1. Which order do peptides B:1088-1094, B:628-634 fall in by mean Cβ count within 10 Å, highest first?
2. Could you tell me the relative contact order of the range A:286-379? Use alpha-carbon pairs under 8 Å, at least six residues apart, and round to a whole percent.
3. As a test of reading the structure, rank A:Met337, B:Met772, A:Met346, B:Met33 by solvent-accessible area (1.4 Å probe, protein chains only), most first.
4. Pick out, in residue order, every one of the chymotrypsin sites (Phe, Trp or Tyr not before Pro) in the range B:391-426 that is DSSP loop and has at most 16 other C-beta atoms within 10 Å; say none if there are none.
5. Once label points are set 7 Å from the Cα along Cα→Cβ at both A:Trp184 and A:Glu335, what is their separation, rounded to one decimal in nm?
6. Which of rounded, prolate, oblate describes the range A:214-371, given a ≥ b ≥ c as roots of the alpha-carbon gyration tensor eigenvalues and a/c under 1.5 marking rounded, otherwise prolate only if a/b is larger than b/c?
7. Name the long-range amide H neighbours of B:Ala805: under 5 Å, sequence gap of 5 or more, or other chain; modelled H, no Pro or chain starts.
8. In chain A, if every C-alpha pair distance is counted and binned at 20 Å from zero, what percent goes to each bin?
Amino acid sequence: MHLALATLLGGGGAPVHDGPIAAGLKNFSNWLTEPTRYSVASILAVVGILYFRKFFAQVWVITAFFALSTAYFVFAFQDPNFNAIITKPDNVPIVILFATVIFFSWLALRRAVINDERTKRGEPTLEGELAKQKVFTWPDLVYTELICLILFTAGMVVWSILITAPIEEPAATARTPNPSKAPWYFLGLQELLVYFDPWLAGVLLPSFIIVGLCAIPYLDLNPKGNGYYTFEERPFAIAFFWVGFLLFWVSFVILGTFLRGPNWSFFGPFEFWDLHKLEPMVNVDLSTYFWVELMDKPRPDNPFVREAPGIVALIGYFLVLPPLFGKTVMKKLVEEMGMVRFNVFMHLFLWFVLIPVKMGLRWTVDLKYFIGMPEYFFNV
Amino acid sequence: MADRGDTHYSVSSLNRWFLLSSVVILLATVWMMIDDWERPWKHYQRDFREIEIAKARAAEQELTAAGAAAREAELVKKVSEAEQRVAANEAKIAEVAERQRLARGELWKAIETAKKKKSEYNWDRYLLEEKRLREGNPALDQEMLDETDLAMNEAMGLQQDLEAKKLALDIELSDLTRERDSAKKALSIGSRDLEQVRKRLVQLDRAAMSAPEKVADIIRDAPGLDFVKPNLKVNKVVLDKLTFELNFTKKKRIDMCHTCHLGADRAGFEGEDQPHATHPRLDLYLSSKSPHPLNEFGCTICHRGSGEALDFVRSDHRPTDSGEQAAWEQEYHWHKQHHWDYPMLASEYTEASCVQCHKSSMELISEDAPTVSKGYQLVERYGCYSCHKIDWFPAKRRPGPNLRNLQAKLTPEFVTGWITDPKAFRPTTWMPQFFHIEGGNYAPGETITKSKYGAGRNIEGREWDNSAISAITAYLVDRAPLAAMPAVPVEGDAHRGRETMRLSGCFACHNLAPYGEEATAKDLALARTGGNEHGPNLRGVATKVTKEWLFAWLKDPTKYWEDTRMPNLRLSDQEAADITAYIMEDPDGYFRDVPEGWKPKLVDMAEPQLREVLSEQARWFFARDGRTAVEERLERGEWADLAKLKVAVGEKLVANYGCFSCHEIEGTQDWMPIGAELSNWGSKTVDKLDFGFVKLDPNYREGWLMQKLHAPRSYDQQKIKNPSEKLRMPYFGFNAEEEQAITTFIIGLVDDEVQLAKMIPTPAQHSMDAGMRAVRQNNCAACHMIDPGTITFTDENGLAHTIAAEIQPMSEDQNVPSAHDLAAIKDDVEKYEVDELTFRVLRPEPGVQKGMGDKVFVAPERLVATTAPHGGDFIRVVTDYYMNGIELYDSSKEGDEAYSYVSGGSGDELGVYDADGKLRDHSSEPYDKVRWTFAPPVLWDEGGKLQRGWFFSFLHDVVSLRPQLRVRMPSFRYDPGEAEAIADYFAHKSNKAWPANFTRAARLAAKQDSADFAKAARMDMTALTEIEDGVSMAIEASFSKVLAYASSKDFATAKNFTARPAVNPAYEASVLRSKVHLDARRAVLANHLELGEAIAVKSVNCFQCHFRLGTPPPADPIAWAPDLERTRERLREDWVRDWLINPAVVYPGTAMPANFASTPPQYQDRYPNSTNSDQVQVVLEWLYNFDRMYMGSPGQ
């Protein structure tokens, strides 16, 4: 707990010694991007943007955002440590990803805001209007595609001339690189390994993502928002998507690419990737909290007895919460979906929610595992 | 496409977009091709081609200047003249040529017909054979086959006729054009060199090419087309045997370095800039004749770096200094390749790579790889291996003295002072400093925080270190209880001791070098006569040791320290007592002279304070015993006595700092070394090294090591650590050169994953290497000259010659100038006002046309360089002493007057006590004579001179050959195999093969162990062991059979082979003694032994100078020579024969006269009608049967 607080208040990378303003900005960036703050700030940002969407959907806001970002980028680019990470050839696409994802998310949000207003006024949506018009396959589709193809190819050729592919160490299982980073699109999953055991972060959760994505057409009976942008008609679904995709996928990709260095330690964007940086690692299982701190006893030897608090908590979480919610706050949803769909949805949802819950508990109370049974390789 | 007006996008605008995008992709493609064409390595190859063209042009010009072109023009003229003359016959030639053409046509037709007929015949024959077999009738259809056969024969006959016809026409035609053809041939031979250069130019230089060649050449390297058959292409070698370990598989190394470094393996580009320059050592590397050719070894196995990269930065080039680094960063955007585990070695560390293959031949490569070899020797000398395991390292001896009997030698005060700062007493010691290291563990102002129990107080660094020293002293003293040394049995005489010490050889290993850098002239004079660094500097030693210990040590060093390198000089009690007296009384002021500031004393701390600090140290180092237990011991229990506390803490400190690794300390035998293993340190990737807060940019392993050696504890700086966790490596005070040498060696210690091409030494290399190591470790070269020095001079034609030679004294009373210093020789020339320097040739060199011992006169200005002889410094010291006494310096006087000489024995005379106890003055003898008589012998061809078995036994059990020598061959304590190695080494050096090596060679070749070999060779194991150990009898008697076995490697050849000789082998070793030989000789010349005796004793009188069965010769000791009785078991016959014929050829300058050199031959009264060689032969036979003549030995 004290460690988490300490990291929230101070820490977040070795201090930078520059000019006072530059140093202040850099130190603030390093401070802000510390994973706890980074995640909390990201959640707050998503919630804030969606809540104040009318403000954020304005063109000048995004223009100002990109202008400020560019200025910051230009400033940051002068810093050798930032520069080294950003200009690494295989990190360049992530910089592009950063800009494009933000832009297209903003675009969707803007259109959603416009559409919602139009709907209020009783007008058809933007996409609805467009859908009435027809165009020819040739030239409007195929010809433009051809031109795009050519320009894209030319772009790739130029890219390959200007930025040479990185050569890393010979691939040897006996001598793995440090850090062993996943391909960029899996870096979000790799971030989860900080909080979960591999069988969860690497096997179960990705499986649930795939199963969940496959299940959407069967779970989602709401016809609204089909073929057009909207927020107000589907606030939960869209917020869920923003959190799930932008936060837990894209922003973790960025975190993993730019801010995770040797030993998977966190490094601020202006921090030198020091191999010897140490991270405090004193996480404690739930069973310790229960038996040692609460009951003031040594932990029982039998792992099932020892882990009983966690087992009970998790069983409660997965088995008690769905019927409880179904009977109370989600009564309407159960009626719409039926019990089977509701239960499937609730379990997927609860697994999803478990991620921020566990992260929060890690940051606040240094929780290692709900259930820690290394005897059976079963840690949750 | 027309714009229909009903599309969403305007078609013409789309067309424009299409045009634009097409142009963009076209430009991108062109850019891509140019980018490829512009790759840096192609630039380098183009540049190299320019250099080659320039070189070829220069060569062409040179040849032209040397008249080649004129000669060529003349030959061309002759060709055209011949052509004109031949042209007169043009009609005739044309006619013959036409007939020849027709004949060729006919012949071609005939050949084709004959071929066809032959195949028809073969086909028919096959069909007929098959038909006959099928129908069972062996005579079927013979006439049909005959018919085809006839047709074939006719066709072949026609072919032969036409061949003859064509041949006749060929001859006719060539007769007609002969004149022209031979002129052309003469032209092609006469202008061959020029033609080669031109061919080269036509290949390289577009200006020299014909138009189509030029176009082809341009197209070959044109952008976009250069994938077909370009001139500019990637060169690579694939190295099957040199592999990377990759995922448990072995990946072949691929080196492409010579894509840019085109000139690396070719001579002639020495002066070019990189990457075009020739490798500086083509004799050793890259060229096909060198031991490391390019296509077998590549580049990265030595230089490391990424061999498959074609880019300057990617291949991980390495700047030599920060200046170059900055320049490279500017020019190439250079940066370290963080993902390449084995970055290129900076050139000063490249020798590290030698170690990976040459672990078993480190001595052999010492000349070609001086840095790594020095590092290896430093690691051996400083004993790095005793704290840091190095698994293959051959030396395992503890580098520090045994401390089990410490108190007999030293006082606790000395021990404390010594541990505090060893260099304060002896600046040249290799004992490192553990405490009070500035910037290291505990700086004086630093505090050590109180222990984790919180019971003590924070302690200042100096207090901490002083208490630790006090504790270690107490522990060492405790472990070495005082055992009273026996008193010196006889009274010593200091003056006699001085002479004995000077003359018995002490200063071959020890020196009396002055302290510090401000050495006085007197000190330098002393250093000149004692510059050796093998043993410790003896200055101040009388203040260190006790008299009784010193006497016992001189008598037998191994009694005190079994592993010491100090040999036993077999001093008598009197001699040892004399030396002891000389050292302890110190009349010359060396042995009580200690550096300023040195004062042995116990740690100066009040008892309560000392107790407090020690208690705190106990809390730290006894932490494992538990807090309560430690506190109990401190307060009430066993540590109430401060002495006990000191010993207890001292033990922990000795364990912590690893004192026991270098010194043998009672009770610590089983403790484990404290350092990190270095066996494969060079394979450690840089990310596994803790640089602490020391910023090294870029960070390389070498830098880490250099820093570690320079400031061993600097990686602790600014780190918060417990005292028991702190770095422990002591400060050795290496200079930059030594740090670099050691670093180079350690970097070379890689494990096999880097490469698998181990060098397997031949038995000869193996024994040479082992021998060189033994010679170095036992410091043989201090006394003996192992190899002569060389001089390089230019002759009248300006050609440089290098010969093995030594300088002759310029006048009779002058000493031989040292060849060590060319400048000094030139000074001597001025001093003695001679026009020429005289050198004696010690090994003949063809170009000089001088034999052994001949004189070469060289004017000083023609002398280019000299190299020092290997070893023999002590010869000069001894000879000087005999001639001049000891040089002393009186600083109150100036110039030459300040120097005086004092002899050992009396005060005034320049005399030396000889072995017979008489004082003799040799100051008026010629230098050479004194040198050959009294100084240690030279060993130029010792293997060719001595029988190996005798050599071996002599090393083990030294006998006195020249009793007049005061200098003596010490008795060394050899490690197993060392004495054999020395004997083998000298034998190999003289190209003498020995059974011991053959048995080893045979064993290795047949991959057998000793037992198998002995069985196969039908010898018993003892005999084999004796052969391999070099026991003389087995060797000499078994030589031929072992040789036969070894050369055949075939067990059958070795049948009937037994190693046990029938007669006493010690006396039957030589051919000249064998029954077969003697019987044959007696048949021809019955009294040959008597004849030999008559010549040797009555005419030449060998016994005038040589000992006879232990009886000293009547001559003055300066002429004494070894006992002739030893010849038969000691010397090789060939050598003795050469020696008798002309001793000066063997040892130029020797006093032995050439007794058999005159024409006509002498001694006809003793041996009528004999030639010189007849006389030598009978004398040889007499020498080798000396025992039979005088001792009644077996075999008579």
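1. B:1088-1094, B:628-634
2. The normalised contact order for the range A:286-379 reaches 35 percent.
3. Order by accessible area, largest first: B:Met33, B:Met772, A:Met337, A:Met346.
4. B:Trp392
5. Here the answer is 4.8 nm between the modelled labels.
6. Note, shape of the range A:214-371 comes out oblate.
7. The list, which skips near neighbours in sequence, is B:Gly789, B:Thr790, B:Ile791, B:Leu842.
8. Distribution as computed: 21, 53, 25, 1 percent.
The values are calculated or read from the model by the stated rules, or taken from the named source; none is laboratory data. Just so you know, these numbers come straight off a predicted model, no measurement behind them. So basically every Cβ, Gly included, is an ideal-geometry build from the backbone, and we count neighbours across all protein chains shown. Areas reflect the complete protein model, heavy atoms only, side chains present, ligands, DNA and RNA absent. Shrake-Rupley method; radii C 1.70, N 1.55, O 1.52, S 1.80 Å.
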